[in-house]
1. Assess whether R294 counts as being under 14 Å from L32 (Cα atoms) and modelled with pLDDT of 95 or more.
2. Identify, from the list E249, E328, the residue that is among the charged types (D, E, K, R) and at pLDDT 95 or above.
3. Residue check: is A279 of a type in the set (A, V, I, L, M), surrounded by fewer than 20 Cβ atoms within 10 Å (Cβ to Cβ), farther than 25 Å from Y133 by Cβ and in the same structural domain as T59 (by TED's automatic domain parsing)?
4. Any residue in segment 128-150 that is at positive phi sitting within a Cβ distance under 7 Å of a residue that is outside any loop (DSSP other than H, G, I, E, B) and crowded, with 20+ Cβ neighbours inside 10 Å? List the pairs, counting only those 6 or more apart or interchain.
5. State yes or no: is A53 out of contact with any helix residue (DSSP H, G or I) (no Cβ under 9 Å at 6 or more places or on another chain) and crowded, with 16+ Cβ neighbours inside 10 Å?
6. Name, by its number, the condition in (1) surrounded by 19 or more Cβ atoms within 10 Å (Cβ to Cβ); (2) farther than 25 Å from G196 by Cβ; (3) modelled with pLDDT under 95 that does not hold for T37.
7. If we keep just the residues of segment 179-193 that are buried (at least 21 other Cβ atoms within 10 Å of the Cβ) and more than 14 Å from E248 (Cβ to Cβ), which is modelled with the lowest pLDDT?
8. Do you know which residues across segment 302-321 are surrounded by 14 or more Cβ atoms within 10 Å (Cβ to Cβ) and either within 23 Å of Q342 (Cβ to Cβ) or modelled with pLDDT under 95 (or both)?
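The values are calculated or read from the model by the stated rules, or taken from the named source; none is laboratory data. Note that the coordinates shown come from a computational prediction; the quantities given were computed from them, not determined experimentally. In this analysis, Cβ positions are derived from the backbone assuming ideal geometry, glycine residues included, and neighbour counts consider all displayed protein chains.
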Amino acid sequence: MSEIHPVVLCGGSGTRLWPRSRKTMPKPFLPLVGEETLFQATLGRAADPALFASPTVVTGAAHLSHVEAQLGGEASIIVEPEAKNTAAAIALAAARLPEDAVMLVCPSDHYIADVPAFHEAIRAAAALAREDYMVAFGITPTAPETGFGYIRRGEQIEGGYKIAQFVEKPDLERAMQFLASGEYSWNGGIFAFRAGAFMTELATHRPAIADAVSRSVEKGKSEGARFHPDAASFAKVQSESVDYAVMEETGRAAMVPVAMGWSDIGNWHALRDAREGDAEGNRAHGPVELVDCRNVLADSDGPRISAIGLENVAIVVDGDEVLVTSMEGAQKVGKLTGAASQ
């Protein structure tokens, strides 16, 4: 089996994990679960030289110093002139790789507990990608989540399924129906495709994006491990997700189902659930004392947190900022003035 080329997408500000995650130091570069940062763990999952080539990291100038400080090994770094969503970011990597290279596209800020299960799914996805399928990893749902898009599986094929439908984030009632049916998986934003096949699909369904990205790569410049696409050409790229631009348009969409303890660490609720808890479900980090508390996340980088009789809340202290939220309110943290401005 030929090598698989990891493509790690490194963008965003992670404002729903404020105050720990900030624009100047967003969540991929923080050790939120365990000792490694989420970015380092992403690279580590794709580091076996028997299976993977050296990675390509797609990032912006704002995150470049963090990427280079945490790489820890050989990599190609594509520095986006501006953020243009995932279709363009993936296309930059595809245009730089050999046409027959199988790309494994991974966000830089996810958590995966069961790495062997992930590798098994990667092998199945790579086999389908070599047959020019556009492959999504379908995460086996464990709850009726309303914060994720869903994939409905269709006809079974060797190693996976054709995709019958992509579904937008549902309301709770629909999410419960999806879970009960057994036909739906979460769309975790992890993909595999052959580089040349991806560019062909993009040129078919979004020719303007494919053309602008190709021109920006042709006119781009290398600087050591860094590659800088031409900014003027890239400025013409339409901002669109890979889901809309390719996955929902192609006639070759496939999915590989996988249960691997996945989380997008999208907010403090998700982070609580990804961490190991005590007998009462509490997760404490730093100087913390909890009395008669259940399912509380308490995380401080200095001042002591003391809490009594609380349930399903997060208390986070970072420098001179303090956040207190119910787990139900955790999705709204990014709307706070402090999160938006820092």
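1. no
2. The unique qualifying residue is E249.
3. Working: of a type in the set (A, V, I, L, M): yes; surrounded by fewer than 20 Cβ atoms within 10 Å (Cβ to Cβ): yes; farther than 25 Å from Y133 by Cβ: yes; in the same structural domain as T59 (by TED's automatic domain parsing): no.
No, not satisfied.
4. D132/R194; D132/A197
5. So A53 passes the test.
6. Condition not satisfied by T37: (3).
7. Pass one, segment 179-193, residues buried (at least 21 other Cβ atoms within 10 Å of the Cβ): 184-188, 190-193.
Cutting the leftovers down to more than 14 Å from E248 (Cβ to Cβ) gives us 184-186, 188, 190, 192-193.
Numbers: Y184: 97, S185: 97, W186: 97, G188: 93, I190: 98, A192: 98, F193: 98.
Within segment 179-193, the match that is modelled with the lowest pLDDT is G188.
8. Our first condition is that a residue be surrounded by 14 or more Cβ atoms within 10 Å (Cβ to Cβ); within segment 302-321, this holds for 305, 307, 310-318, 321.
Correct list: I305, V313, A314, I315, V316, V317, D318, E321.
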